[in-house]
Amino acid sequence: MRRFTLGLLVALTAASAFQAAPAQAHGRPPGGLGIDDCSANACHFDVPPGDYDVSVELGGADASSTAITGETRRSLLPETAVDAGRRVHRSFTVNVRTPEGEPTGPDGSPGLDLTIGGPAPALADIRVTPAGHIRHIYLVGDSTVCDQPAEPYSGWGQQLPQYLRKGLAVANYADSGESTVTYLANPRLWATVQPLIRPHDLVLIQLAHNDKQTDETTYRTNLETLVAGVRDKGGEPVLVTPIVRRWFNADGTLNNNTALLVNGLGVDHPAVIRSVAVAGHVPLIDLTARTKALVESLGVEGSKSIYLYNEKRDNTHTSVHGATVYAGLVRDELVAQDLIPEGLSR
């Protein structure tokens, strides 16, 4: 799968006016970081790599609707509507790292950067503090999962943080173009991720799209190696079958090798993943089955907006909308299987 170059991250348009509460009501909290670190529609916090809790107060004199993204285009808080004259509080945890996006990409800008967006944004206050006891959700995957650097692309892992509350931090180490073979071989990938894993951290593994010439024995062995490596650190591995490609049959189904990730050697990737999960007693998120059902229900035309068909004639990579929908499916499975507490999801 293709690797995308880093595009310039542009600010939101001036039409999205940034509303702040009066300066005398807020400011920089003693020993902390706050609204004084924001200007216009952006906030920059000069912090070292680590995990940070962000608490925001949203709302103003007028009705508002605010969303927050950060770092390399990660969705951290979904669009939140507030009635005129009211305030609501929201919080989330952000993983700040270098490189801040794809592990083999550029370092990005140091510190924590947030963008305040939405159709009528109103940030009244913000507080950033080092996170205390949190649980990480590490993501091991390819370009359908990663923090894509430029529009119109987005991986589902880039959209997952918006579905989580403070106390859960997504650390997305998915990387464009990677297979099980290359992910294990590259020292910037698995050799970097595994030492970071702590007891009870979740590690979601979705690698298949680029194992186009990986034989079944090697593919199975590589998955088992990743699972064992997570468990060696006390983490909890979760195997994730790959999202489908938008490749329809004449009858409107996706029952073909291209859509269902059967490679050139006849290796049925989702079937192997399911088999490894059963044999190793590993939780499984069958994203192939979930995305297949969704895409077929939307049909040939309706499913175009999930992928980048209209923009790029791309039936593999997802749009921001599609990645958000697919991240919601992952969130649903994490909650349904008691992998995360329902109270920590949105």
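Calculated on the alpha-carbon coordinates, the convex hull of the range 96-138 measures out at 136 cubic angstrom per residue. P(r) tail, the range 40-93: Cα-Cα pairs separated by more than 17 Å, 42% of all pairs. Averaging Cα coordinates gives a centre for the range 300-346 and one for the range 80-150; these two points are 18 Å apart. Each principal axis of the Cα cloud of the range 31-126 was taken in turn, and the coordinate range along them, longest first, works out to 44, 29, 21 Å. Across all directions, the average projected area of the convex hull around the alpha carbons of the range 247-327 is 6.1 nm². Here the accessible area is traced with a 1.4 Å probe on the protein chains. For the range 277-346, carbon and sulfur cover 55 percent of it. In the chain, the alpha-carbon atoms span a convex hull of 135 Å³ per residue.
Normalising by residue count, the range 109-186 has a Cα convex hull of 145 Å³ per residue. Computed on the chain, with alpha-carbon pairs under 8 angstrom and 6+ residues apart, the relative contact order is 16 percent.
Taking the chain as a whole, the Cys residues whose C-beta sits 4.7 Å or farther from every other Cys C-beta are CYS146. Using the alpha-carbon centroid of each, what span in Å lies between the range 168-201 and the range 223-284? That distance is 17 Å.
Seen from every direction in turn and averaged, the convex hull around the alpha carbons of the range 119-244 projects onto 9.7 nm².
The fraction of Cα-Cα pairs per 10 angstrom bin, counted from 0 for the range 186-276, comes to 16, 42, 28, 11, 2 percent, rounded to whole percents. For the range 162-226, relative contact order (Cα pairs under 8 Å, six or more residues apart, normalised by length) works out to 42 percent. In straight Cα distance, which lysines are under 28 Å from LYS292, not counting same-chain residues fewer than 8 positions off? Cross-link targets: LYS212, LYS304, LYS312.
In straight Cα distance, which lysines are under 30 Å from LYS166, not counting same-chain residues fewer than 8 positions off? By straight Cα distance, LYS166 reaches LYS233.
Mind running the shape call on the range 205-346? Use the C-alpha gyration tensor, a ≥ b ≥ c as the square roots of the eigenvalues: rounded below 1.5 for a/c, prolate if a/b tops b/c, oblate otherwise. Oblate is the answer for the range 205-346, as a/c is 1.5 or above yet b/c matches or exceeds a/b. At a threshold of 8 angstrom on Cα-Cα distance, excluding pairs fewer than six apart, so keeping six or more, what relative contact order does the range 244-346 reach in percent? Over the range 244-346, the number comes to 21 percent.
The values are calculated or read from the model by the stated rules, or taken from the named source; none is laboratory data. This one's a predicted model, so the numbers in the text were calculated from it and none came from an experiment. Cβ coordinates were reconstructed from backbone atoms using ideal geometry, including for glycine residues, and neighbour counts include every protein chain displayed. Just so you know, the surface numbers come from the protein's heavy atoms only, side chains and all, with ligands and any DNA or RNA stripped out. Shrake-Rupley method; radii C 1.70, N 1.55, O 1.52, S 1.80 Å.
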